[in-house]
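The values are calculated or read from the model by the stated rules, or taken from the named source; none is laboratory data. All values derive from a computational prediction rather than experimental measurement. Reconstructed Cβ throughout: ideal geometry from the backbone, glycine too, with neighbour counts over all protein chains shown. Side chains included, ligands, DNA and RNA excluded: accessible areas come from the protein's heavy atoms. Shrake-Rupley method; radii C 1.70, N 1.55, O 1.52, S 1.80 Å.
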Amino acid sequence: MNSSFFQTPIDYLKGVGPNRADLLKKELGIFTFQDLLHLFPNRYLDRTKFYKINQLQRTSADVQILGKITHIKIVDQKRGKRLVATFQDETGKMELVWFRGHKWIRESLKLNITYVIFGKTNWFNGSFSMPHPEMELFSDYEKSLRPAMQAVYPSTEKLTARGISNRVLISIIQQLFLESKNSFTETLSKPLLETLKLLPKKEALLNIHFPQNQTLLAKAQYRLKFEELFYIQLQLIRKNLLHKAKIKGYPFSRVGENFNTFYKEHLPFELTNAQKRVIKEIRNDLGNNSQMNRLLQGDVGSGKTIVALMSILIALDNGFQACLMAPTEILSVQHYNGLLELCKNLKLSIYLLTGSTKTSDRRIIHEKLENGEINILIGTHALLEDKVKFKNLGLAIIDEQHRFGVAQRSKLWHKNKLPPHVLVMTATPIPRTLAMSVYGDLDISIIDELPPGRKAIKTVHRFDSNRLRVFKFMKDEISKGRQVYIVYPLIQESEVLDYKDLMDGYESISREFPISEYQISILHGKMKSQDKEYEMKRFIKGETNIMVATTVIEVGVNVPNASVMIIESAERFGLSQLHQLRGRVGRGADQSYCILMSSHKLSENGRTRLDTMVKTSDGFEIAEVDLRLRGPGDLMGTQQSGVLNLKIADIIKDHDILKLARSYAFEILKSDPSLLKPENLPIKNTFTQLTKYKNIWSFIS
Ligand code: ADP
Ligand code: MG
């Protein structure tokens, strides 16, 4: 678009002036013509239809009625007075009511002349009334050039109080269109517009503000949503492609002894097809000349660890070191023990480095890392310290990546001359739609298949009043040799309270499960790490029957013999956390159970969460519900991304448009990476603008 015109400060629009401009800036963030153009309506009032009085329904929808005022009166009420007009059409009567501005309104109302009234109706004492209707003489209504569907813009209390009503917004946007006549330019390419039958830009904008009818409104919305998502995807995909072209990685050309020996002789189980596919994807990446940046998504228990190990073996076969970083000490230790076990027949040197590694051991590890004696280093954030230097780090794997920030990830990069290949793994199921937007610059692999023979976890919801039966159930399971988790919420703000809950719970469990018969472990964040590890080990070895814990056990912990997960105050957990916790059981061959305990006091949202857990164990389905309940803003890892700034598209509802936009963005960049083809000029121009400004919609000028 004509950039100078749309960059004009809003103060210069006719009908705005300094006071209104000030309000628009402060309340709606509208500084320029362009900002105003992109103030998209929240909803529309359909004025294409007239209702008869006897057709009125008791809904909150705005309706439009044709009729005449037959009578006007003032009614005294407790506080002040109200003005009441009887309004009627050929089907019935209703009342129009005003609580303010009596005098002026009364003088302006005309009896027995046809009006068009518009507004919400109330139902009271057997008849309908409309408070403070918008009204217009039918003769004027017919003459005026009004849109059939009236936009309703976002507003604030201050705006309305200071006289910038919806009507005022409509009129200044009308003014903007009047002044901007030929300043619009197209921002999508001709082939795109033609193939997808999209409305031209100007028409789309006109119809988003002043839709002629439902069909055109739908088309306008479609076009603008597509455009918004298209440019986000274009940015992400371009970043990914540039990255691949520019950032060289170590090509791991060989698949050698470690990998082959392990694959042929020591694989503890047959890989699932999904695991095989993902390993192939990773092998392809590693064999390339560019650095791998891959996100591996797989539900809890889907078997990401073995994929990590096999990727590590490829790195080792090519003479490189590898590291595996996990967010907690417990998880690091578990990975360490797990890999030691898996690799026991391979001659590898594997070390563990965490916050609680002794200084003397640390020094040895640092030394061995630098001279290449260590093949695999596993650990927590401790790996990121500057002192930790590798001889030749070829692959860095990050487990449960959402626990680490982007900055931390990139720190791993700088441990070498060339950045290592990076594989981030997450069990937080991110809906594909969202993953495409948030992690669109990473390549994504998905393990969408659980190892065979897993029995679905039976999930039930029980109220606190049923606790005795739950205890009985626990005893039955324990008598069969199974182990049980009991998890209490831990929410930072109320740590003291949570701690008390946990300790109270522990006490009552201890009373119910006396030490003469039962062994109980306890695990919480306030314990020293040696104590935590000690308790965890006892539970892993099966020396204790019950593990009472806070959410410290949430991530990754693997005890196949544990078959019952009891979650206390389950209504206080988020869906993804509940799902993670449930994933701690169902890891062995036995039937597993998850019992969600709650009080009778449940919010609607809380109930939906519990119901969802009972209904499904599909992590992606759960993530979709979670997203619906909380909105993308709350999903981990999405805060920094542009997803939140979507102005018109909806990441969930517009899934199909997103997919389409992504595939077109990909195709265009593939065939014309620098957007040099003449047909792509509008895209190139828009894209250049876009990268200059903060948000997607600023590119328009
Ligand atoms: P996650 O993806 O949650 O990290 P893990 O890698 O910890 O899952 O695997 C969960 C459990 O499933 C482990 O006990 C692991 O040994 C087992 N497992 C993984 N892959 C398979 C497979 N293909 N067949 C059988 N068991 C498997
Ligand atoms: Mg894991």
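Annotations
- DSSP beta bridges in the chain [antiparallel fraction, %, rounded to 5]: 40
- Debye, to nearest 20: dipole size of region 1-43, +1 on Lys, Arg Cβ, -1 on Asp, Glu Cβ: 120
- Each 5 Å bin from zero up to the one holding the largest Cα-Cα distance in region 449-545 carries the following percent of pairs: 2, 10, 17, 22, 21, 16, 9, 3, 0.
- Farthest positive-ward along the chain dipole, Cα basis, beta-carbon charges - from 669, 600, 435: 669
- q = 0.12, 0.21 Å⁻¹: log10 I(q)/I(0) that the Debye formula gives for region 266-405, counting C-alpha atoms only: -0.47, -1.50
- Basic side chains Lys and Arg get +1 at the Cβ, acidic Asp and Glu get -1 at the Cβ, and with that the dipole of region 3-119 about its Cα centre reaches some 580 debye.
- Accessible area of region 458-616 belonging to carbon and sulfur atoms, whole % at 1.4 Å probe: 50
- Gain in span if fully extended, residue 507 to residue 196, counting 0.36 nm per residue against the direct Cα distance: 105.5 nm
- Positive end of the dipole of the chain (Cβ unit charges, origin at the Cα centre): among 44, 566, 33, the Cα lying farthest that way belongs to 33.
- Charge dipole (the chain, unit charges on Cβ, about Cα centre) - positive-most of 459, 176, 312: 176
- HN-Hα J in Hz across region 581-592 - Karplus 6.51, -1.76, 1.60, θ = phi - 60°, x for Gly and Pro: 4, 4, x, 6, 9, x, 9, x, 7, 7, 4, 10
- Computed magnitude of the charge dipole of the chain (debye, nearest 20; Cβ of K, R +1, Cβ of D, E -1): 1260
- Under 18 Å between alpha carbons - lysine pairs in region 48-145 that sit 8 or more apart or on different chains: 16
- Radius ratio Rg over Rh of the chain, counting only Cα atoms, Kirkwood formula for Rh: 1.07
- For region 1-58, the Kirkwood hydrodynamic radius from C-alpha pairs, put into Stokes-Einstein at 25 °C and a viscosity of 0.890 mPa s, yields a diffusion coefficient of 176 µm² per second.
- Reducing region 200-259 and region 678-692 to their Cα centroids gives an inter-centroid distance of 13 Å.
- Of all DSSP beta bridges confined to region 48-145, the antiparallel ones make up roughly 90%.
- For residue 31 and residue 449, a Förster radius of 51 Å and the Cβ-Cβ distance give a FRET efficiency of 0.50, rounded to the nearest 0.05.
- At the listed q of 0.14, 0.22 Å⁻¹, the Debye profile of region 121-221, built from one uniform point per Cα, gives log10 I(q)/I(0) equal to -0.76, -1.27.
- 18 Å Cα-Cα reach of residue 417 towards lysines, excluding residues that sit fewer than 8 places from it in its own chain: 244, 246, 248, 387, 389, 391
- All lysines inside 21 Å of residue 532 as judged from Cα atoms, apart from same-chain residues fewer than 8 positions distant: 358, 500, 541
- In the context of the full set of protein chains, region 48-145 has a per residue accessible area of 64 Å² (1.4 Å probe).
- Here region 502-622 yields Rg over Rh of 0.97, to two decimals, using C-alpha coordinates and the Kirkwood radius.
- Size-normalised alpha-carbon gyration radius of region 48-145, reference 2.2 N^0.38 Å: 1.04
- Here residue 124 and residue 162 are evaluated by their C-beta separation; at R0 = 22 Å the FRET efficiency comes out at 0.10.
- Legend: residue pairs 276/455; 181/659; 14/653; 276/344; 615/647, Cα-Cα distance threshold 30 Å; pairs beyond threshold, 181/659; 14/653; 615/647.
- Each label was represented as a point 7 Å from its Cα along the Cα-to-Cβ direction; for residue 11 and residue 213 these points are 4.5 nm apart.
- Legend: translational diffusion of region 169-271 by Stokes-Einstein, Rh = Kirkwood radius over C-alpha pairs, 4 °C, 1.567 mPa s; D = 70 µm²/s.
- Ordering of 374-382, 79-87, 261-269 by packing [mean C-beta count within 10 Å, highest first]: 374-382, 79-87, 261-269
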